[in-house]
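In what follows, a single structure is set out as structure tokens and then discussed.
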Amino acid sequence: MKTQFEQMMNGLNDVEAFLAGKQEGFKAHVPHEVDVKAIRNRLGMTQARFSDTFGFSLDAIKHWEGGRRTPEAPARALLIVIARNPAAVLNALDPAAFAAAAGSSKPTTVHVKADGKRRNSRGVPRRKAHSAGGKGSR
């Protein structure tokens, strides 16, 4: 059985051969499991907002998070990219809308820290908006 290092080196050799034109085709390895709820929570989105933002059906999100279904490989690949770089996905899906939402013509990033708190471009945690005069106000 090969060590992890040997497996990684074989993978790098395959990539080099592919890039040099010596090998045709390259197969991406997509994880078998993706924690959709953790990705969504890390971005601070509801199921409905996550599905609207990234183009998944709301039913699919509910089934994936409930463990009744597993995302197919293309959906898992997209979910991994969303987890690692949500701004890139938003920019790729609709650059004009993403730029308008960001308030500028240049792409921006969504900052998510390990504590799960969304932060603005200066690294300051965002606060939830509270309406005045509503139930529970003083």
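Quick notes on this one:
- Among (1) more than 18 Å from the chain's Cα centre (by Cα); (2) at pLDDT below 65 - the single one H111 does not satisfy: (1)
- When the test is whether a residue is at pLDDT 95 or above, more than 15 Å from the chain's Cα centre (by Cα) and not hydroxyl-bearing (S, T, Y), L12 does not pass it.
- Conditions (1) modelled with pLDDT under 85; (2) of a type outside the set (S, T, Y); (3) assigned to a helix (DSSP H, G or I): number failed by A87: (1)
The values are calculated or read from the model by the stated rules, or taken from the named source; none is laboratory data. Bear in mind that the values here come from a model prediction, so they are computed numbers and not experimental data.
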